[in-house]
Structure formats: structure tokens, C-alpha cells
Amino acid sequence: MSHEDSNSDTDIDAVTLEIMRNQFEGVAEEMGQVLITSSYSPNIKERRDCSTALFDAEGRLVAQAEHIPVHLGAMPEAVTTVLDYDPEPGDVFVLNDPFEGGTHLPDVTMVSPVTVDGEVLGYAVSRAHHADVGGMTPGSMPAGAREIYQEGIRLPPVRLVNGGEVNEDVMSLLLANVRNPGERRADIRAQIAANDRAEDRLRDLVSEHGRNRVVAAFDAVISYSRDRLLAELSELPNGTYSARDVLEGDGVTDEDIPIEVAVTIRDEGISVDFAGTAPQVAGNVNAPLAVAKSAVYFVIRCVTDPEIPPNGGCYDPISVSVPDGSLLNPRPPAAVVGGNVETSQRVTDVVFAALAHAVPNRVPAGGQGTMNNLTIGSRDGGDDGFTYYETIAGGFGGRPTKDGMDGVQVGMTNTLNTPVESLEAEYPLFVEEYALRENSGGRGRFRGGLGIVRSVTVETDATVSLLTERRRVAPRGIAGGADGLRGENEIDGESVPAKTTRDVTDGTTVTVLTPGGGGHGSAAKRDPDAIETDRNDGKMEWD
């Protein structure tokens, strides 16, 4: 039975607010489940390298599923951009252009107006990392790219679905420019299905609560998050806190690339200024502004209250300033595929380091600081070819009261691994070793988490691409803790650079040894029982 709208429907009490907030978040979570279970590629169905979110009619983020941090903080840019294209009921826009609402080309975003009774109530958004979107190498993650044109097909916002009908011309154009087009088509349709589910569920909510109350609840949940974040910021010490870190080359040269930040805390908000950061570089570690913002939002949530509902309200009090034409705000046609995955991690690290001066008891030691991107693919562009992509876990930094976690994704990624059984069934690959990397965590009162050893033999001729960091600069210990162990990349036992693309032959073995996390506090204060447990578990050797 339909709920009739009335003036009282705009009054949202605390109980109703909590109920409807959970319902909105449930819509986003259900979208994610539809995407994961409907997709074809292991990168989405197994690793869950995807994100979903719900926006209101003004383009404000209302609710998001807890998926990939670097996706989610950047999604508002995609919706803002699509609004300029006058979306209509029944449309689905597709985009991946980092200079028009995207992050990097493999992350394909779908934005759909959610229509109830003929009017747009909000927008459903899904973003998924596709295993290939064309470009100069299989997997679309080339280490040496100098222009975005080398990284794959570039899609400004365009109607993939127009008035409820798939635009087959656009679909054909897209699929003609990617490897494994059958897999791409299936994953695209999974994203469309996820967005369709949001419309179904919002119609149910309008039937239950009435349109006026749903719209009022959008406003209420956004205001609630804003108020909670402001309350958290008021408890932090006012002042300006600075830090500096570097990227280890851009894939073209090995020269360090500085990232500098000054974080200013005031009761009314927090500003983050990246003046002093390097100009944009020749290689592909440039990061679009949306990616830099996403990393900042993630850190602020971590050091305040991660339980604050993630929506536009908790981002409103945060301002981010980045020089135009810099590493974190490049101009086209800059190559950017590594910026989303590696530079975002360094932004996370440097903002954490700055805030450690303000709230040392809320900041962990340095985590692995990289996503350890491994891409292996065949040159065959048809459906008989393959593209395998994975980000490999590593060590989480020691925390003020706990050890760092072993073998986890850190910072701007939150994916699962590809199970060995699935990897070997789907690809011509054989896993030689998959294990924790002993003694890789930094010593401390609370030790850093251990990295991972992932060794894979390629059973056909293929192209291997590695985009990694922390191979030269170790993850930092904090408060007297030791640094974590640096990562290493090997092809047939030969050490190769952090950013490498190489053609290999059948039987080649690729090994990635991921960094450990830094330690927190002096190792002299570590609990003897914890030391004994580390020894017994074979994780750490203590003198």
C-alpha cells in the first residue's frame, strides 16, 4: 500500500533517520552484490575490485558500500560531470576519462538516473576495474606509458543506455578497442544490472515512506554525517602539520618524485594543501585530483571516527588544494594509470605522517604503501586470450595498541585476493608459492605486519607488467619502531625495477615479495609472550 506524502513526511526523527540511513546503505550494498555475483571476470567476481554508491538528485553522495576507498571518494566527481550532460530517465552513462570524472582508464564507471514516477530521485553509480581496456599492453597497466592514449580507450561521459535501450553503436565501439571483448561485455552488463537494482529498491522505499520523506532523509543523513565530523574535528588540536614523502620514479626515470602536504586543522574544518608537490611527470604516476581527494578523505575518516556514515556530509568540511599541472592535478594528455593505484597510496602515507604530529595515538606506522600491481596477459586480443590482474597484499603498520596485520590490503585498496584454484582454472598460470614473508615486519613494541610472497609461472608467451613502490624507501616505523622490509620484484630470479613491462616466454616465473609494515614503539618494550608467539608461528626471529 502506497504511503501518501504529507507535510509531516519531511520531519525526520532520530529513529526514522537511523532506519532510513541503513536502508540507503542497504541499497548500495545490494548493488554491490548484484555486480559481484553477475560479473564474469575474476577481478570483479573474486577480488571484488568494484564499488557502488547512491546519490541524490543534486549529485550529493548519500550512501556507499564499503568497497574500494580510492573508488568511493572519487565517485562524486563522476556524478558532477555526468550532470553536465543532461541525463534523462532510462539513461546509463559510461565513463572512464580521468579528466572528466574518472580515476584511471581500467576503472569504468556507470551513472544512472534513478527515476520514480517519471521524475529523477537520485543517481546510482557503479565502478569496476576491468581487466583490460585496450592500450599498448595486455591489462592496460603499462609501466612506461607517457601519454594517456597508450593506456587504453578513453571514454568521456556517453550514453551507453538511451531511454532504456542499449546503444549498440557505443557498445560496439567500446568492445572493438579492448582485449577479451566477451568478458568486457559481460562485466558491463553486470554494472548496468547493479544500477537497475538501485532503481527497484528506491521505488520500494518511496512506496514505504513517500517521496517527500525519502528526499528529506537524503538531506538528514548528509547533515548528520557533517555534524559528526565537525564534532570530531573540534577535538583535534588546531594548527598546521606538515610532511614529505617520495615516489620511486615514474616508469620513465628512477628519480624520486616529492609529495609535500600541509594539513591545517580548525574547529570549522580541515584544509589540506599540496603546495610543494612535484609538477606532473613524464611517466604514468600522475594522479587526477579526484584520486588525491579520495586519499585525503580516507585518512581523515581514519583519524576521526570511521563509523561516521560515509556520504557527502563527512566530506563537506574538508578542503583540498593542489597546484594545477602538478603530480596530483595533471593536465591532459598525462599518463595516469599508476596514479590511481600507487600515488594514491603515497598520498595516504604522507597525510597520515602529517597528522601523526597532531594525533600520534591515532596514527599507525607506515603500511606497505603500495598495491603491488601485477598484470599478465596474452597478445591475442580475442576471447581466446587472457588478462590477469591482481593487487597483492602486504604488511599493515604497527598500531598504537596492536601489531600490524599480516598480508592485508592497505590504504586505498580493499580487495580480496584471487584464490589459487580460481587463478589456475581461469588462466594459463601456475602458483609456485603463496605465503607470508617471514621477518618482513618492522620490530617494535607492536610489530609491523608481514608481507607476502606470490610466485607465479606463466604457461604461455605473455606480457608482464609490474607497477609497485616501496622497493627503495622502506615503510616507516614510528615512535621508535623499526622500518618494514622493502619489497622486491623478480622475473626468473632476476631482480627487476619497481615499474617494469616485459615480454616473457612459456615457463617464466614472476615473483613479487611485498613490503612489511613498520613497527610502532621501541622493540625493547615488546611483551615477551608476543615475541615467543612470533617465534613459534615462524613469523619473526627475535634476538
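The values are calculated or read from the model by the stated rules, or taken from the named source; none is laboratory data. Worth saying up front: this structure is predicted, and the values here are computed from it rather than measured. In this analysis, Cβ positions are derived from the backbone assuming ideal geometry, glycine residues included, and neighbour counts consider all displayed protein chains. When the accessible area is computed, the model is the full protein with side chains, heavy atoms only, and any ligands, DNA or RNA have been set aside. Shrake-Rupley method; radii C 1.70, N 1.55, O 1.52, S 1.80 Å.
Whole number in Å², please: accessible area per residue of the chain, 1.4 Å probe, ligands, DNA and RNA not counted.
Per-residue value: 36 Å².
Once you have the alpha carbon radius of gyration of the stretch 248-392, what is it after dividing by 2.2 N^0.38 Å, with N set to its residue count?
Its radius of gyration relative to the 2.2 N^0.38 Å reference: 1.17.
Mind ranking D503, D403 by accessible surface for me, highest first, 1.4 Å probe?
D503, D403
Return the Rg/Rh ratio of the stretch 219-290 with Cα-based radii and a Kirkwood Rh.
When Rh is taken as the Kirkwood radius, the ratio is 1.15.
Using a 1.4 Å probe on the protein heavy atoms, what percent of the accessible area of the stretch 116-156 belongs to carbon and sulfur?
Carbon and sulfur together cover 45 percent of it.
Using only the alpha carbon atoms of the stretch 427-469, find the Kirkwood hydrodynamic radius as the inverse mean reciprocal pair distance, in angstroms to one decimal.
12.8
Once you treat every alpha carbon in the stretch 446-501 as an equal point and sum by Debye, what is log10 I(q)/I(0) at q = 0.19, 0.24, 0.29 Å⁻¹?
-0.78, -1.04, -1.30
Considering only protein heavy atoms, with the full assembly of protein chains and a 1.4 angstrom probe, order T37, T415 by accessible area, largest first.
From most exposed to least exposed: T37, T415.
Which percent of Cα pairs goes in each bin when the distances of the stretch 120-200 are cut into 10 angstrom slices starting at zero?
That works out to 16, 46, 28, 9, 1, in percent per bin.
What figure in square angstrom, to the nearest 10, would you give for the accessible area of F93 with a 1.4 Å probe?
F93 has an accessible surface of roughly 0 Å² with all protein chains in place.
Consider just the alpha-carbon atoms of the chain and return their Rg together with their Dmax, both in angstrom.
23.0, 72
Once neighbouring chains are kept in place and the probe is 1.4 Å, which whole percent of the accessible area of the stretch 223-376 is contributed by carbon and sulfur?
47
Answer rounded, prolate or oblate for the stretch 93-166, using the Cα gyration tensor with square roots of eigenvalues a ≥ b ≥ c: rounded when a/c is under 1.5, else prolate when a/b is larger than b/c, else oblate.
The shape class here is prolate.
Between the stretch 184-245 and the stretch 140-161, what is the separation of their alpha carbon centroids in Å?
Between the Cα centres of the stretch 184-245 and the stretch 140-161 lies a distance of 28 Å.
Using only the alpha carbons of the stretch 165-207, determine the length spanned along each of the three principal axes and report them from longest to shortest in whole angstroms.
Projected onto its principal axes, the Cα set of the stretch 165-207 covers 42, 18, 9 Å.
Of the options G444, S112, A220, report the single residue whose Cα projects farthest towards the positive end of the charge dipole of the chain (beta-carbon charges: Lys, Arg +1; Asp, Glu -1).
Toward the positive end, the furthest listed residue is G444.
Could you check how much of the accessible area of the stretch 388-531 is carbon and sulfur, as a whole percent, using a 1.4 Å probe?
Carbon with sulfur: 47 percent of the solvent-accessible area.
Kindly provide the Kirkwood hydrodynamic radius of the stretch 67-211 in Å, to one decimal, from all pairs of distinct alpha carbon atoms.
15.7
For the stretch 394-493, which trypsin sites (Lys or Arg not before Pro) pass both filters: DSSP loop (anything but H, G, I, E, B) and at most 13 other C-beta atoms within 10 Å?
K402
Could you tell me what % of all Cα pairs in the stretch 1-138 have separations over 17 Å?
Value for the stretch 1-138 (Cα pairs over 17 Å): 63 percent.
What is the Cα centroid distance between the stretch 356-387 and the stretch 107-131, reported in whole angstrom?
26
Find the relative contact order for the stretch 1-106 and round it to a whole percent, using C-alpha pairs within less than 8 Å whose residues are 6+ positions apart.
For the stretch 1-106, the relative contact order is 17 percent.
Take the stretch 312-400, drop everything but the C-alpha atoms, weight them equally and run the Debye formula without solvent; then report log10 I(q)/I(0) at 0.23 Å⁻¹ to two decimals.
These q points yield log10 I(q)/I(0) values of -1.21.
How high is the relative contact order of the stretch 314-426? Use alpha-carbon pairs under 8 Å, at least six apart in sequence, and give a whole percent.
19
Kindly rank 226-234, 342-350, 512-520 from highest to lowest mean number of other beta carbons found within 10 Å of each residue.
512-520, 342-350, 226-234
Using a cut-off of 15 Å between beta-carbons, work out the net charge of the residues near T103 (Lys and Arg +1, Asp and Glu -1, T103 not included).
The answer is -4.
Calculate the tail of P(r) for the stretch 32-102: the fraction of all Cα-Cα distances greater than 14 Å, expressed in %.
In whole percent, the share of Cα-Cα pairs in the stretch 32-102 beyond 14 Å is 65.
Under a straight-distance cross-link criterion of Cα-Cα below 30 Å, which lysines are reachable from K402, leaving out those fewer than 8 residues away in the same chain?
K293, K525, K539
Please report, to one decimal in angstroms, the Kirkwood hydrodynamic radius of the stretch 355-451 built from all distinct Cα-Cα pairs.
15.3
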